[in-house]
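Heads up: the structure comes next, in structure tokens.
The values are calculated or read from the model by the stated rules, or taken from the named source; none is laboratory data. As the structure is a prediction and not an experimental result, all values here were calculated from the model. Ideal geometry is used to build each Cβ from the backbone, glycine not excepted, and the neighbour counts take in all protein chains shown.
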């Protein structure tokens, strides 16, 4: 099975990482082809502040100027990619850290939900236009687990900051993944966000739309599930939103997290 796993920065810097790394190593040992995409938002914000920079966030999206892009390079392609690969190797996996596999172009100004009616220029933020499939296929053929930092590069050599949810969804489509796993701080979609007992094991796209309309899905979970709709419509078979226990959730669908299906 082809599996793309997205790890947010809050996961990479969390004690849960060791267990998640063991799960991914176990799944890889069973023959699954796994590619990991990671972000680093919390760590980037922390480093910006330590450097005397003021982060500018618009409706949850980071505005990226030259100084901020330098921070993203240091955090994503540097510390976090190295630390994540170290955790995966300690768990028995064969990770391959990558920051040159995403092709991108600069995102033009556009209206952002929650930021008013005017188009917003996010600066040096990119839209994914492709991946180096030959590189990724060679890594998998050699038994390696690609670990992609969310930075894209243009044909002109420019570097762009890429949203991790966007990158993982696009990679899942490009690889025709059987499963996209979004590892978050919450164990799936809940009817009551404060009550873990209200976790919803499975949802179709139609059921997700109804849950958003009713308010059962709200806040930061909305962009995660809505971003996934396009991937499901473009060939990705299933999407799993989970906080941990990844191997069990993959082996026993519905046992942990929330499984999104067309």
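The combined condition, being within 22 Å of residue 14 (Cβ to Cβ), surrounded by 16 or more Cβ atoms within 10 Å (Cβ to Cβ) and touching a strand residue (DSSP E or B) at 6+ places or on another chain (Cβ under 9 Å), is fulfilled by residue 44.
Scanning region 1-32 for residues that are within 13 Å of residue 91 (Cβ to Cβ), in contact with a strand residue (DSSP E or B) (Cβ under 9 Å, 6 or more places away or on another chain) and surrounded by fewer than 21 Cβ atoms within 10 Å (Cβ to Cβ) yields 16, 17. Of all the residues in region 130-148, those that are within 20 Å of residue 38 (Cβ to Cβ) and touching a strand residue (DSSP E or B) at 6+ places or on another chain (Cβ under 9 Å) number 12.
In summary, residue 112 fulfils each of the numbered conditions (1) surrounded by 13 or more Cβ atoms within 10 Å (Cβ to Cβ); (2) part of a loop (DSSP other than H, G, I, E, B); (3) touching a strand residue (DSSP E or B) at 6+ places or on another chain (Cβ under 8 Å); (4) touching a residue at least 60 places away in the same chain (Cβ under 8 Å) with the single exception of condition (4). Are any residues in region 181-194 exposed (fewer than 15 other Cβ atoms within 10 Å of the Cβ) and either within 24 Å of residue 9 (Cα to Cα) or under 21 Å from the mean Cα position of the chain (by Cα) (or both), and if so, which ones? Answer for region 181-194, where residues must be exposed (fewer than 15 other Cβ atoms within 10 Å of the Cβ) and either within 24 Å of residue 9 (Cα to Cα) or under 21 Å from the mean Cα position of the chain (by Cα) (or both): 185, 194. Under the condition of being part of a strand (DSSP E or B) and at pLDDT below 95, which residue from region 46-104 is farthest from residue 19 (Cα to Cα)? Among them, the one singled out is 58. Here residue 158 meets the list (1) at pLDDT 95 or above; (2) surrounded by fewer than 16 Cβ atoms within 10 Å (Cβ to Cβ); (3) closer than 22 Å to residue 12 by Cα almost entirely, failing just condition (3).
Among the residues of this structure, residue 35 does not count as one that is at pLDDT 95 or above, under 19 Å from the mean Cα position of the chain (by Cα), part of a helix (DSSP H, G or I) and surrounded by 22 or more Cβ atoms within 10 Å (Cβ to Cβ).
Counting only residues that are under 14 Å from the mean Cα position of the chain (by Cα) and more than 18 Å from residue 71 (Cβ to Cβ), region 145-165 holds 4 of them.
Does residue 88 satisfy being under 25 Å from residue 187 (Cα atoms) and either surrounded by 18 or more Cβ atoms within 10 Å (Cβ to Cβ) or in contact with a strand residue (DSSP E or B) (Cβ under 7 Å, 6 or more places away or on another chain) (or both)? Judged against the criteria, residue 88 is a match.
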